[in-house]
Ligand code: GLN
């Protein structure tokens with residue numbers, strides 16, 4: 001472990017400037033590795049080096065959410081997921097870049113400069129867990145943790161050509177996560193292959209008294225998949241080349257494995273983006289009230305960038321008493337409808353397959369000229385899983401114009417193990 005950590009640190013020190021991935025490096029990592037190397041009995045994550053999104057608390061490390069608001073904020077305790085990783089001898093090598101407070105899909109909204117895409121230099125790495133996906137793609141760590149509220153693990157995993165998992169809502173504790181939207185957030189792993197994601201997910205899952213949404217789950221492990229029925233979801237507005245690549249891939253794998261593939265329709269998912277934003281604006285507005293600059297950090301409204309401010313102001317407006325029942329409650333009702341639709345679909349199908357992103361990543365810097373709606377539309381295919389509380393994974397399936405393309409596989413709530421097993425058969429181990 002010591003040598004591995006040293007190699008990673010050396011590579012990071014040499015190449016991080018090019019990619020702007022790490023915001024904070026753990027200078028104790030080598031010492032920690034030496035201690036673990038000496039242990040007689042090693043944990044399940046022995047040999048795994050982690051990068052952590054800068055909104056997940058790691059004791060003593062800077063957890064700034066890529067915002068000036070929390071610029072020098074050091075987490076005073078470990079998030080539940082970090083406690084679990086440390087208990088199994090995983091090493092945290094540092095904290096990585098992201099969209100400010102996880103608001104974004106490109107990585108461009110970080111207060112510390114956009115992070116670069118190691119697989120398609122000059123293009124956005126996707127977001128908001130930009131640094132997490134980029135760190136894995138650049139070979140700066142074995143696994144990274146990200147958070148996914150509307151696609152923030154899957155979208156950058158897709159653009160950076162790696163595997164990213166959004167677990168079922170409640171599978172993983174969010175205690176210690178600086179939240180974007182409590183009713184949608186999940187923490188999940190990003191790695192080069194499905195089996196590493198599976199191992200890490202099994203370690204970090206589980207009921208936690210400090211997050212009441214968590215539930216007792218089954219062990220997560222990759223198993224052989226028998227004959228299954230795949231629902232192929234075609235959504236309007238997707239780049240035709242991406243659509244074709246996903247369909248071709250799943251039909252080819254299904255033929256080999258004797259799986260059944262049938263096109264599936266899911267009602268109301270065209271309303272997903274419109275449903276998501278009132279929920280996020282309202283919950284984000286409420287959760288940011290603690291960043292008033294009195295106890296720690298700075299006052300958020302005076303120190304954040306445009307997108308975060310838009311959501312705070314928007315959230316304060318739509319949660320006013322005179323709008324009661326109009327935005328937030330309506331959005332919750334549609335969320336419920338979408339959830340029910342997926343429940344119906346999973347009675348008939350084992351999984352649903354679709355692209356991760358509807359288009360290719362844009363050039364870094366272009367996002368500043370795009371309208372919010374255009375950017376929000378990039379999450380049209382990932383948001384439905386968050387609203388439905390189900391699990392979803394993005395796996396790399398090829399390239400278009402030398403840019404990685406991701407396919408999503410979705411399964412019912414608490415079927416994360418089955419989803420990983422199916423994804424593993426589709427992609428095989430990437431490395
Ligand atoms: N891009 C979406 C948003 O800006 C998703 C963010 C996320 O999943 N954290 O809200």
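Suppose the filter is surrounded by 22 or more Cβ atoms within 10 Å (Cβ to Cβ), under 23 Å from residue 248 (Cβ atoms) and within 16 Å of the ligand (Cβ to nearest atom); does residue 393 pass it? Talk me through it step by step, then tell me what you get.
Working: surrounded by 22 or more Cβ atoms within 10 Å (Cβ to Cβ): yes; under 23 Å from residue 248 (Cβ atoms): yes; within 16 Å of the ligand (Cβ to nearest atom): yes.
The answer is yes for residue 393.
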Segment 265-280, residues that are within 15 Å of the ligand (Cβ to nearest atom) and within 29 Å of residue 247 (Cα to Cα): 272, 273, 274, 275, 276
Filter result for the condition that a residue is buried (at least 24 other Cβ atoms within 10 Å of the Cβ), more than 18 Å from residue 390 (Cβ to Cβ) and more than 11 Å from the ligand (Cβ to nearest atom), over 157, 144: 144
Consider segment 59-76. How many of its residues are farther than 25 Å from residue 311 by Cα and touching a helix residue (DSSP H, G or I) at 6+ places or on another chain (Cβ under 9 Å)? 1
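Considering only residues that are closer than 21 Å to residue 86 by Cβ and surrounded by 12 or more Cβ atoms within 10 Å (Cβ to Cβ), which ones fall in segment 218-236?
Scanning segment 218-236 gives a single hit, 220.
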Looking at (1) more than 28 Å from residue 179 (Cβ to Cβ); (2) in contact with a strand residue (DSSP E or B) (Cβ under 7 Å, 6 or more places away or on another chain); (3) touching a residue at least 60 places away in the same chain (Cβ under 8 Å), which one does residue 33 not meet, given that it meets all the others? (3)
With 262, 256, 283, 236 as the choices, which residue is in a helix (DSSP H, G or I) and either more than 16 Å from the ligand (Cβ to nearest atom) or farther than 24 Å from residue 147 by Cβ (or both)? 256
Per-region count, segment 223-258, residues in contact (Cβ under 8 Å) with a residue 12 or more places away in the chain and over 30 Å from residue 402 (Cα atoms): 7
Residue selected from segment 88-125 under the condition farther than 19 Å from residue 70 by Cβ and near the ligand (Cβ under 9 Å from one of its atoms), by the criterion surrounded by the most Cβ atoms within 10 Å (Cβ to Cβ): 106
Going through segment 367-379 in order, the residues found to be more than 15 Å from the chain's Cα centre (by Cα) and in contact (Cβ under 8 Å) with a residue 40 or more places away in the chain are 367, 368, 372, 375, 376, 377
For segment 251-299, enumerate the residues that are surrounded by fewer than 18 Cβ atoms within 10 Å (Cβ to Cβ), touching a strand residue (DSSP E or B) at 6+ places or on another chain (Cβ under 9 Å) and under 17 Å from residue 387 (Cα atoms). 265
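Bear in mind that the values in this text are calculations on the coordinates, not laboratory data. Here the structure is a predicted model, which means the values were calculated and not measured. Every residue, glycine among them, receives a Cβ derived from its backbone with ideal geometry; neighbour counts consider all protein chains shown.
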